[in-house]
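Structure, as structure tokens:
The values are calculated or read from the model by the stated rules, or taken from the named source; none is laboratory data. Owing to the predicted nature of the structure, the values given are computational and were not obtained by experimental measurement. Neighbour counts are summed over all protein chains in view; Cβ atoms, including those assigned to glycine, are modelled from backbone coordinates with ideal geometry. Just so you know, the surface numbers come from the protein's heavy atoms only, side chains and all, with ligands and any DNA or RNA stripped out. Shrake-Rupley method; radii C 1.70, N 1.55, O 1.52, S 1.80 Å.
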Amino acid sequence: MLAPSRKEPGRLEAASRLKAWTRSRFSLAADTTVLVSEIESAQAGFPPVSTIVAFWTAERKHYHWRIFKPLGEVVEDDLPPSWMKPAR
């Protein structure tokens, strides 16, 4: 995991923005847990830093995906389409 720059300016705001976009895109309840993590990858062919987003629904279903960018570079269009999560 990437640990060096937790004090990076804008990091908290970027994570909060990504969580808000995720809640909106997937019509999640306010109490749904959304996890945002930035990780390093040592695997050949992968970017050195990626962002992982995960959430769990009330039905205890788990969804996650990787965005091949550092957290601070993620934009709303990087999220997968809402149809990736089955309709309720």
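Structure notes:
- Here the dipole of the chain is about 300 debye; that uses its Cα centre as origin and unit charges on the Cβ of Lys and Arg (positive) and Asp and Glu (negative).
- Full-stretch length increase - Trp83, Glu8 - with 0.36 nm per residue and alpha-carbon distance subtracted: 23.7 nm
- Per residue, the chain exposes 68 Å² of accessible surface when a 1.4 Å probe is rolled over the protein heavy atoms with every protein chain present.
- Between Val75 and Glu40, full extension at 0.36 nm per residue minus the direct alpha carbon distance yields a gain of 10.7 nm.
- A dipole drawn for the chain from +1 and -1 charges on Cβ atoms has a positive end, and of Pro48, Val74, Ala30 the residue lying farthest that way is Ala30.
- Sorting the segments 17-30, 58-71 by their residues' average number of neighbouring beta-carbon atoms within 10 angstrom, most packed first, yields 17-30, 58-71.
- Cα gyration tensor, the chain - rounded (a/c under 1.5), prolate or oblate: prolate
- For the chain, the carbon plus sulfur part of the accessible surface works out to 56%, probe radius 1.4 Å.
- On the beta carbon distance between Arg66 and Ala30, with R0 = 22 Å, the FRET formula returns roughly 0.30.
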